[in-house]
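Below is one structure, written out as structure tokens; comments come after it.
What follows is calculated from the coordinates using simple rules that are stated; it is not laboratory data. What you see is a predicted model, and the numbers here were worked out from it, not measured in a lab. Cβ atoms come from the backbone with ideal geometry, glycine included; neighbour counts cover every protein chain shown.
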């Protein structure tokens with residue numbers, strides 16, 4: 001691993017896509033960073049993103065719950081109240 005990025009994965013991405021190694025390393029770092037986000041960070045980020053798009057809170061909580069269930073690394077199941085506490089404290 002180099003700076004948290006698995007070197008063998010960078011080599012694989014570069015070889016399978018034809019990307020230069022530096023670009024492949026940035027892609028891998030971006031993907032690793034995306035999946036490194038914990039459930040609470042995900043809830044806060046998605047809530048802010050959806051609010052910026054003028055989505056109503058009732059729909060936001062449903063969408064976030066569905067998205068959490070589909071994350072690569074299983075997140076705990078949050079109730080709407082728990083998600084509100086994550087966002088609003």
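For the range 37-64, filtered to residues that are loosely packed, with under 11 Cβ neighbours inside 10 Å and assigned to a helix (DSSP H, G or I), the residue that is nearest to the chain's Cα centre (by Cα) is 52. Taking the stated definitions as given, is residue 67 part of a helix (DSSP H, G or I), surrounded by 15 or more Cβ atoms within 10 Å (Cβ to Cβ) and free of Cβ contacts under 8 Å to residues at least 60 places away in the same chain? No.
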